[in-house]
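As structure tokens, the structure follows; a few thoughts come after it.
Laboratory data are not the source of any read-out in this text; all were calculated from the coordinates shown. Predicted, not measured: the structure shown is a model, and the values here were computed from it. With ideal geometry, Cβ positions are generated from the backbone for all residues, glycine too; neighbour counts draw on all protein chains shown.
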Amino acid sequence: MRPFTFQRIQSLDQASARKANDGHQCIAGGTNLLDLMKKNITVPEVLLDITKALPDQIETTAKGIRIGAMVRNSAAANHDLIRSKFPLVSKALLAGASPQIRNMASIGGNLLQRTRCPYFYDTTLPCNKRNPGTGCGAIDGENRMSAIVGYSTECVAVHPSDLCIALAALDANVIIRTTDKKETIIPFKDFHRLPGETPEQDNNLPVSGIITAVDIPSNQFFKNAAYVKLRDRESYAFALISVAAALELNGNKIVQARLASGGVAHKPWRWYEAEAFLKGKNATLETFQKAAAIVVKETKPLSNNAFKVPMLKGAVEVALQNCLNA
Amino acid sequence: MAEGRVEGISKVTGSGKYAAEYKVDNVCYGVIVGSTIPAGEIEAYHLDDAKEVAGVLDIITHLNRPSIPAFENEESIKKSGFSLPVLHTDKVFFKGQPIALVIAETLEDATYAASLVTATYKQSSFNVDFDTTHPSIPLAGTGKERGTMDAWSNAAFVADAEYNIKHEVHNPMEMHATIATWVSKDKLKLWDKNQGVNNVQGTLSRLWKMPAANIEVISEFVGGGFGAGLLVWPHVLMTVMAAQQVKRPVKVVLTRPQMFTLVGYRPQAWQKVKIGADKDGNFLGILHQSKHSKSVYDNYREGITRISRMLYKIPNAKTEEATVSLNLSAPTWMRGPGDCSGAFGLECAIDELSYQLKKDPVQLRLQNLATEIDPDTQKPWSTNFLNECVEKGAANIEWAKYRKAQPASVKEGDWMIGYGMACGMWFAGRSKASAGIKMQKDGTISVETAMTDIGTGTGTGMQNIAHDNLGIPKNKIKVNLGNSNLPAAPSQGGSTGLSTMSGAVVAACNEFRKKIAELASVVDEAYKHVNPADIVFTKNGVALQTQGNRPVSYENIFAKNNLEIIDVQATSGPGEERQKYAFCSGAAHFVRVKVHAKTGKVKVDKIVSVVDAGYVVNDKAAANQISGAAVGGLGMALTEEQLVDHKLGCVVGNDLAGYHFPVNADAPIIDVSFIGKPDVNINPAGAKGLGEVGIIGMAPAVANAIYNATGKRLRNLPITPDKVLMA
Ligand SMILES: Cc1cc2nc3c(=O)[nH]c(=O)nc-3n(C[C@H](O)[C@H](O)[C@H](O)COP(=O)(O)OP(=O)(O)OC[C@H]3O[C@@H](n4cnc5c(N)ncnc54)[C@H](O)[C@@H]3O)c2cc1C
């Protein structure tokens, strides 16, 4: 690990002012950053410990709920209000990592965790995201875990977060503080990026931007929400495919539906067409199967991950069905 | 239930020290730099940036390292038996091969400086692709062929299929680590993570051409081995060289990524099994062929087809094997080496045959098991209760009641339920070893041997055996292990540890009784003529069981003989019984799986393992071995696969997030039981080894259950959900 300076940050202003400097990087729970530093993937000169500067409360607001960026993943997952009114968030969080990691991991850090593509994680391998211009090792290498939508010839990595899938489904907003002391709000769907020509950029967080909170608008999805995650082992593994599904029902009629997936793209992916299809339909297995068929129409698997298409289809069906028994 | 481990408290309180945890004065730290190409030659090192890092003491490469006497020239390297002459060659055989060691005052300095070391290479072509290479490698006969292949060409039923197993990595929790210090110019001391201190001592003695007595190796606590600690690996030599170079103690701890390339793995394997039976299900013949990967620089080979010559009565049997050389690091023994892979082919093929025959696979096995005579050597088995394992396992999982003959016939919603079973067998070995007993004045004893306890419970077993023999309470018996200065013992491996030690401990107990009789006779003449077996050890002294008690206090024994300590040693090993009998441990594994029809998810929700391992010295430690092996078997069956990038020529995903061994949530409650009948011929305890047999047969049991659940025959491990879906 390269030697670095460690600074305790006291306020958000201080945090964003310093973060704008070259070689400065924030550390919250450290569960992702330290791994990246140990592997020389990220080599900051100055670490800004923002744990004391960030809000760490969960509050109700006029429009919904605000989760402070420093709230630990396990605290959020076990919070009464989240469990009762935003259960999808709790379910997604609990499907991620391990209890030890969730105890450390912050909400802000979860949004900013970097891909787990094995080529990204090994500095001796080519990777455009880590080292632009070196090529994509995964595109014709081991791409079983890689994307099936939204990728480019430069990068086929997927975003590893589970929480973000639920937040995408629930139309959350990311609250950001920048040096000009303004609060910027980025809707979740616009927060993460597709790789395109610049896979080194994961998201649209401004250079001086500090995530202070995530807002989730109140919704009627809490009765019928499900998170399905398929992975190579029962815990402590990233998603091959995950599906966040939520239904607002009137009797058996679907008033509104939300569907999002992890393990499929460079960013949390919403299935808008399938959501539109579900709207107004009866919540039956047949409807769900049709929605799942619409979902997979969009996909274009790589050399080693054709299985993700039927797996996604199955997972969408199961997630929608699970909404009814949630 | 037996009491816990002798080392339990030390382990859970952290007072027990693993190799890397010893505090050694003036120690400095070494970090290994690996090659970044899979094949070629090193042209130049670029060390300037690294040397500028504060705290860097030296960087050793093949150009400046102190030379290892046995690596003097090509010829001597060949003779040394050490396949990778680390830092004594400019050749690169695999990516990640150690090419330099950075030595610094702190681990942080060394780690940072190591990240700055680069080299220029002359690259050559390479090959890491097992699947496309093996078809062109010819097979050669192995083992004794029986009968002819023609004899069963008209068999009524034949199963004939190919099976594949991916490259698997041991990944014990404890990283391999070595601290080496030259105590004087010709005396070396090592704290090293390994499974056999005498093996490390002997290997270093050979390589450095110095007397073994001048090398002390300590491996008192071992955080798992699974076979990775049976060899001396390059990092150990590098640490010794470094300590020589900087004239200070040096510590090297492998990083987790290095654990994937520097301490072996289970090779990737291909198999083809063709097995025939008559219309009643009697096996007529088998052809078992296998090939496994190995490194270009190493000649590792494991007997994958051996199990097919041992398990069943098959009149005609032919086995063929080959290895496939790749630009990867060297594989090595991993729990159940050979047989574990071979059982996958054999036991799946038999399952396939059972469905053709429409015969219950339990019955088919019971009918064909060779429980009397070892078909390979034609010697009678000393004991083989595999049939009882099968019967008991079937009863415990209620096979007859729940297992349906028709695949894919039991459903619970989207879940398909199935049952599968398979057998495992492992030779029950025993080696020669020594043990010592020391008694203190207070009547407490310590039982000692150089053998390591890698988590297998060897120490606890030794305490149990000494207690059974001497009657001294367990809390007065200490166990000392894992130091090359202690009485010599072979490595802990191949399920021979306890079998070997039981003989040595019993011999030491007998020697101790003799010695006590001799010493007590100085106090009381009556002891001159006693049968040592007649001596009982009481709280304060010894007495006689039959000849009128005649107590003699420990105090008197020590005082009258002018002794500070009573110290005996004895050696014991296998004998004639090995000429007369064949020895094996056996296991039958039964599993129940749920397979999700829409997502391919497989959940093993019940495991029953029944093991014939002779007398069970400590049921808790023994059951612990079997359930651990079962989880290892689940990994082999469902999750473990080292990815290899064929274009770049290297392993990828070399960390615990990328390589999926099972976690607790993957393991159901594992119902372990033992037949428990002593094997009176193998050793004084009657105990056969059981470390490997728990994993052998587990993967095919799972694959067979998946077939029963889904009707899909999955012949390539690991059976990840994608394979289930796409089949
Ligand atoms: C083995 C393993 C398995 C895992 N499995 C899963 C899984 O299955 N699913 C899943 O979702 N996650 C998983 N995780 C990832 C885990 O959720 C993330 O590591 C964690 O959420 C990151 O949060 P943190 O607070 O520790 O972030 P840190 O590591 O502290 O920071 C991560 C990044 O975010 C930046 N940062 C942090 N907070 C802020 C802020 N408020 N404003 C601006 N920048 C900020 C840091 O500068 C850094 O670049 C796993 C992690 C590990 C190590």
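Considering amide H positions built from the backbone, and no H for Pro or chain starts, which residues 5 or more places from B:Val536, or on another chain, come under 5 Å of its amide H?
B:Ala543, B:Leu544, B:Gln545
B:Ile445: net charge of surrounding residues, Cβ under 9 Å, Lys/Arg +1, Asp/Glu -1, itself excluded?
+3
Only Cα pairs within less than 10 Å get springs; with that Gaussian network setup on chain A, which residue of A:Val207, A:Val156, A:Val316 has the largest fluctuation?
A:Val207
Counting only other chains, what is the mean number of Cβ atoms within 10 angstrom of the Cβ of each residue in peptide B:277-288?
Rounded to a whole number, the mean comes out at 0.
So how strong a dipole does chain B carry about its Cα centre when Lys and Arg Cβ are +1 and Asp and Glu Cβ are -1, to the nearest 20 debye?
960
Taking only complete DSSP H runs, can you tell me which helices of chain A stretch 15 Å or more along their own long axis by Cα positions and average at least -0.5 on the Kyte-Doolittle scale?
Helices passing the filter in chain A: A:285-297, A:308-324.
Run the numbers on the range B:433-573 and let me know its relative contact order in percent, using alpha-carbon pairs under 8 Å that are six or more apart.
It rounds to 34 percent for the range B:433-573.
Could you give me the ³J(HN,Hα) list for the range B:486-494, computed from phi with Karplus coefficients 6.51, -1.76, 1.60 and θ = phi - 60°, whole Hz, x at Gly and Pro?
So the Karplus estimates, Gly and Pro as x, are 7, x, 4, 8, x, 6, 7, x, x Hz.
Restricting to Cα pairs below 8 Å that are 6+ residues apart, what does the relative contact order work out to for chain B? Please round to a whole percent.
After rounding, I find 16 percent.
Between A:Ile101 and B:Asn214, what is the label-point separation in nm under the 7 Å Cα-to-beta-carbon projection?
Each label point is offset 7 Å from its Cα along the Cβ direction, giving 4.9 nm.
Mind giving me the FRET efficiency for B:Asp278 and B:Ala533? R0 is 51 Å, r the Cβ-Cβ distance, nearest 0.05 is fine.
The value I calculate is 0.40.
List the residues, sorted by chain then number, that are 5 or more residues from A:Ile65 or on another chain and whose placed amide H is less than 5 Å from its amide H.
A:Ile216, A:Ser218
Just checking the output field for A:229-241: average partner chain Cβ neighbours within 10 Å of each residue's Cβ?
Taking the mean over all residues of the peptide, I get 6.
Can you tell me the length gained on complete extension of the stretch B:Arg256 to B:Asn562, counting 0.36 nm per residue apart and subtracting the Cα distance?
Full extension of this stretch gives 104.8 nm more.
What's the exposure ranking of A:His159, A:His24, going from fewest to most Cβ atoms within 10 Å?
A:His24, A:His159
Does a label point 7 Å from the Cα of B:Ala156, set along Cα-to-beta-carbon, have any residues of the range B:240-278 with amide nitrogen under 18 Å, and which are they?
B:275-278
What's the extension gain from B:Tyr402 to B:Met149 if we count 0.36 nm per residue and subtract their Cα-Cα distance?
Separation in residues times 0.36 nm, less the Cα-Cα distance, equals 87.3 nm.
Whole-Hz ³J(HN,Hα) for each residue in the range B:634-643, computed from phi via Karplus 6.51 cos²θ - 1.76 cosθ + 1.60 with θ = phi - 60°, x for glycine and proline: what do you get?
Working through the residues one at a time gives 4, x, 4, 6, 10, 10, 8, 7, 8, 6 Hz.
Summing +1 for each Lys or Arg and -1 for each Asp or Glu, what net charge is found among the other residues whose Cβ lies under 10 Å from the Cβ of B:Val92?
Value of the local net charge: +1.
About the Cα centre of the protein assembly as shown, what is the dipole size in debye to 20, counting +1 per Lys and Arg Cβ and -1 per Asp and Glu Cβ, all else neutral?
Its charge dipole is roughly 1620 debye.
Kindly identify chain B as rounded, prolate or oblate by the Cα gyration tensor criterion: order the square roots of the eigenvalues as a ≥ b ≥ c, call it rounded if a/c is under 1.5, otherwise compare a/b with b/c, prolate if a/b is larger, else oblate.
Oblate.
With only Lys, Arg, Asp and Glu charged, each at its Cβ (+1 for the first two, -1 for the last two), find how big the charge dipole of the range B:529-687 is about the Cα centre; round to the nearest 20 debye.
540
Work through the residues other than B:Ser325 whose Cβ is under 10 Å from its Cβ and net out their charges, Lys, Arg +1 and Asp, Glu -1.
Every neighbour counted, the sum reads 0.
Order of B:Ile695, A:Ile241, A:Ile185 from fewest to most other C-beta atoms within 10 Å?
Starting with the residue having the fewest Cβ neighbours, the order is A:Ile185, A:Ile241, B:Ile695.
Positive end of the charge dipole of the protein assembly as shown (Lys, Arg +1 and Asp, Glu -1 on Cβ, about the Cα centre): tell me which of B:Asn199, B:Ala687, B:Val552 has its Cα farthest that way.
Result: B:Ala687, furthest along the dipole toward the positive end.
Starting from the 7 Å offset along Cα-to-Cβ, what nm value, one decimal, do you get for the label separation of A:Thr184 and A:Asn250?
4.0
Evaluate the distance, in nm, between pseudo-label points positioned 7 Å from the Cα of A:Lys52 and of B:Glu577 along their respective Cα→Cβ axes.
The modelled label-to-label distance comes out at 6.9 nm.
Please list the non-local residues whose amide H lies under 5 Å from the amide H of B:Tyr615, H modeled 1.01 Å from N, same-chain partners needing a gap of 5 or more.
Amide H to amide H, under 5 Å and 5 or more residues apart or across chains, B:Tyr615 pairs with B:Asp679, B:Ala687, B:Lys688.
So how far, in whole Å, is the C-alpha centre of the range B:1-25 from the one of the range B:434-450?
Each part's Cα centre sits 19 Å from the other's.
Rounded to the nearest 0.05, what FRET efficiency do B:Glu41 and B:Ala665 give with R0 = 45 Å and r taken as the Cβ-Cβ distance? Could you check?
Efficiency, from the Cβ-Cβ distance: 0.45.
Shielding of B:714-723 by partners, i.e. mean partner chain Cβ atoms within 10 Å per residue?
Whole-number average of other-chain Cβ neighbours for B:714-723 is 3.
Distance cut-off 32 Å, Cα to Cα: go down the list B:Lys166/B:Lys401; A:Lys91/A:Lys129; B:Lys193/B:Lys712 and report the pairs above it.
B:Lys166/B:Lys401; B:Lys193/B:Lys712
Please list, short to long, the whole-number percent of alpha-carbon pairs of the protein assembly as shown in consecutive 10 angstrom bins beginning at zero.
The distribution over the protein assembly as shown is 2, 10, 17, 21, 20, 16, 9, 4, 1, 0, 0, given as percents.
Quick check: convex hull of the Cα atoms in the range A:227-323, volume per residue, rounded to a whole Å³?
90
Would you mind checking the pairs B:Lys79/B:Lys688; B:Lys474/B:Lys688; A:Lys52/B:Lys11; A:Lys229/A:Lys300; B:Lys438/B:Lys620; B:Lys476/B:Lys528 and listing those with alpha carbons more than 31 angstrom apart?
From B:Lys79/B:Lys688; B:Lys474/B:Lys688; A:Lys52/B:Lys11; A:Lys229/A:Lys300; B:Lys438/B:Lys620; B:Lys476/B:Lys528, over 31 Å: B:Lys79/B:Lys688; A:Lys52/B:Lys11.
Report the paramagnetic label zone for A:Gln10: residues of the range A:39-82 whose backbone N is under 15 Å from a point 7 Å from Cα along the Cα-to-Cβ axis.
A:49-54
What's the FRET efficiency of B:Asp186 with B:Asn64 using the Cβ-Cβ distance as r and R₀ = 30 Å, to the nearest 0.05?
That gives a FRET efficiency of 0.85.
Between rounded, prolate and oblate, where does the range A:141-231 land on the alpha carbon gyration tensor, with a ≥ b ≥ c its root eigenvalues, rounded for a/c under 1.5, else prolate if a/b exceeds b/c?
Oblate.
If the chain between B:Asp49 and B:Glu525 were fully stretched, how many nm would it gain, using 0.36 nm times the residue separation less the Cα-Cα distance?
163.6 nm
Report the paramagnetic label zone for B:Glu412: residues of the range B:709-727 whose backbone N is under 16 Å from a point 7 Å from Cα along the Cα-to-Cβ axis.
Counting only backbone N, you get B:709-710.
Could you run the Karplus curve 6.51 cos²θ - 1.76 cosθ + 1.60 with θ = phi - 60° over the range B:43-50 and give me ³J(HN,Hα) per residue in whole Hz, x for Gly and Pro?
Residue by residue, the range B:43-50 yields 9, 7, 9, 10, 10, 4, 4, 5 Hz.
Taking +1 at the Cβ of each Lys and Arg and -1 at the Cβ of each Asp and Glu, which of A:Ser235, B:Ser125, A:Val43 sits farthest along the dipole of the protein assembly as shown towards its positive end, judged by Cα position relative to the Cα centre?
A:Ser235
Taking +1 at the Cβ of each Lys and Arg and -1 at the Cβ of each Asp and Glu, which of B:Gly4, B:His134, B:Leu188 sits farthest along the dipole of chain B towards its positive end, judged by Cα position relative to the Cα centre?
Of the listed residues, the answer is B:Gly4.
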